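Before any comments, here is the structure.
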Amino acid sequence: MGAYMETSAQAAANVHNVAESTSQLQAAVSQIDEQTKKSAKIVQRAVGEANRAKDIVEGLEHSSNVTESIEQATGGANKTANSAEETLLSSNELMRQTNTLTVSVEQFLLDIRSGE
């Protein structure tokens, strides 16, 4: 009977440890999700600024007889805008994956709690 009680107590402690670890994991995932959202907002602003810069350069190019340096600046602005858009897409994918992980962790917690 003593071995059964000891095993039962150990099992209960293990369940508690898993629940606690899962809770910590969920907090970490939430922090990652928040940072991803902040990153996405920063990238969106960068895309907007890059597009405005591109529009200004294109406007200058059309309104005057500016040489190759304007074309190079436009190319740089286009590259910046494209890079920012790619970063935004990557951030959105990371946010999607983080949300998927959060759902999995929440389901895991529910499964653990329903077994208690």
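The values are calculated or read from the model by the stated rules, or taken from the named source; none is laboratory data. What you see is a predicted model; the values in this text were computed from it and never measured. Note that each Cβ is placed from the backbone with ideal geometry, even for glycine, and that neighbours are counted across all protein chains shown.
To keep it simple, each residue is scored yes or no on (1) modelled with pLDDT of 80 or more; (2) surrounded by 11 or more Cβ atoms within 10 Å (Cβ to Cβ).
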site: E20; (1), (2): yes, no
site: V29; (1), (2): yes, yes
site: V43; (1), (2): no, yes
site: V57; (1), (2): no, yes
site: G76; (1), (2): no, yes
site: T80; (1), (2): no, yes
site: S83; (1), (2): no, yes
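Of all residue pairs spaced 6 or more apart or on separate chains, none has beta-carbon atoms under 9 Å together with a first member in region 22-39 that is touching a residue at least 24 places away in the same chain (Cβ under 8 Å) and farther than 21 Å from F108 by Cα and a second member that is part of a helix (DSSP H, G or I) and of a type in the set (D, E, K, R).
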